[in-house]
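The structure under discussion appears below in the form of structure tokens.
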Amino acid sequence: MDRLESQYKKILSDYMTDQTEKNLYIAQNFTRQLIQNNISPEDVVSIHKNAVEKLFPRRMSEEQLAYDFLIEVMVHYGMAHREHQSLLQKQAEYEIEMKIATSIQSTLLKTEVPQLLNIDIGMISIPIRKMNGDYVHFLYNRDDYLSVAVTDVVGKGVPAALCMSMVKYGLEALDYAYRDPSYVLEVINRVIEKSVDDSMFVSMFYGCLDLRKSTFSYASAGHEPALHYSAMRDQFIPLESTGLLLGVLPETKYSYNEITLEENDIVIMMTDGVTEFRLQDELNAREVITSLIFENKYLSAQELCNLLYKQIEKMQDFKLSDDFTIAIIKK
């Protein structure tokens, strides 16, 4: 500190004698040494005060209180400034993490909506932030089965993206057994429970359509229940299925359920971001969804997905509180 005070006194003395650009430039460069030595703003004021006191001792009797006041102000300013800089650094680190997570998601988690002759499929997934916590994955590489997984990861950033990538590759590794939803969930649950932090959980609805028999089997791991519109009955039936979130207990069992799809039947799978109307508690989200689909059931599956998103977003004053994901299968 003594060395810095001596340097500063010399720089100040030169500037007071000759106010040139050169002397001002030297003073500006001196701030680098202050930063390198981690000198706080209040210490800089103190250094200046001591230099003035030595250079102009007669003036300090009048200015002493003013400098003391400035030092007290700078103490609090310095604390606030350091806290602000720390927050900026954390924000920058978070932005870097989010860019990595988004890159992982866009590169590793691509899924294509299958184009089938007698089955109409639609899907929409809109994140409220850069990173999407929802994920839809289709499995179709044979002529007899179509499977779909609708997933919601409780977590953010790179860990959530990596968790979703594990879900995807776990599903693809189970290609040979993807027609049994309960078995698929049991295997994915063990993978997540062993590989993911205890604070992260995953909900999933997994359905499998037998294209030859027109049966739709499904299982759920703590996920929002899907809906089945029966054209023959002209009514909606919730596809309730109990099961723990993935990643909670390693040996969890999931129930197997099955329905038969008739001509013009519709299956609607969604995440809880679709059904949580936080701005309008008096509305029943599922009644809104069923009403919209019933009135527009002539539309294609993709048109229904887009309509639901636009209408629900509008009803919530364009302020969705969670990621919005819907997948629709229409026979």
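Nothing in this text is a laboratory measurement; each read-out follows from the coordinates by a stated rule. Worth saying up front: this structure is predicted, and the values here are computed from it rather than measured. Please note: Cβ atoms are built from the backbone with ideal geometry, for glycine as well, and neighbour counts cover all protein chains shown.
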Coordinate range along principal axes, alpha carbons of region 137-247, Å, largest first: 46, 29, 21
Which value, in debye to the nearest 20, describes the size of the charge dipole of the chain about its Cα centre when Lys and Arg Cβ atoms bear +1, Asp and Glu Cβ atoms bear -1, and nothing else is charged? 900
Fraction of antiparallel bridges per DSSP, the chain only, in percent to nearest 5: 100
Could you work out the relative contact order of the chain? I mean the mean sequence separation of Cα pairs under 8 Å and 6+ apart, divided by the number of residues, in percent. 16
Looking at region 166-223, which trypsin sites (Lys or Arg not before Pro) are DSSP coil and have at most 14 other C-beta atoms within 10 Å of their C-beta? Arg212, Lys213
I'd like the GluC sites (Glu not before Pro) in region 159-241 restricted to DSSP loop residues with at most 13 other Cβ atoms within 10 Å, sorted by number. Glu240
Total charge dipole magnitude, region 256-331, about the Cα centre, Cβ charges on Lys, Arg, Asp, Glu only, Debye to nearest 20: 220
Mean projected area in nm² (Cα convex hull; one quarter of hull surface) for region 112-330: 11.5
Nearest 20 debye, what's the magnitude of the dipole of region 2-96 about its Cα centre given +1 on Lys and Arg Cβ and -1 on Asp and Glu Cβ? 300
How many angstrom separate the Cα center of region 197-263 from the Cα center of region 1-59? 72
Can you find, among Val196, Phe56, Ile119, the residue sitting farthest towards the positive end of the charge dipole of the chain, where Lys and Arg contribute +1 and Asp and Glu -1 at Cβ? Phe56
Would you mind computing Rg(Cα) / (2.2 N^0.38 Å) for region 2-96, counting N as its residues? 1.29
With unit charges on the beta carbons (Lys and Arg positive, Asp and Glu negative) and the dipole taken about the Cα centre of region 2-96, which residue among Gln33, Ile71, Val45 sits farthest to the positive side? Gln33
Using the Kyte-Doolittle scale, which helices in the chain average at least -1.0 and also have C-alpha atoms spread 20 Å or more along the helix axis, with helices defined as whole DSSP H runs? 21-36, 41-55, 60-108, 157-173, 181-195, 301-315
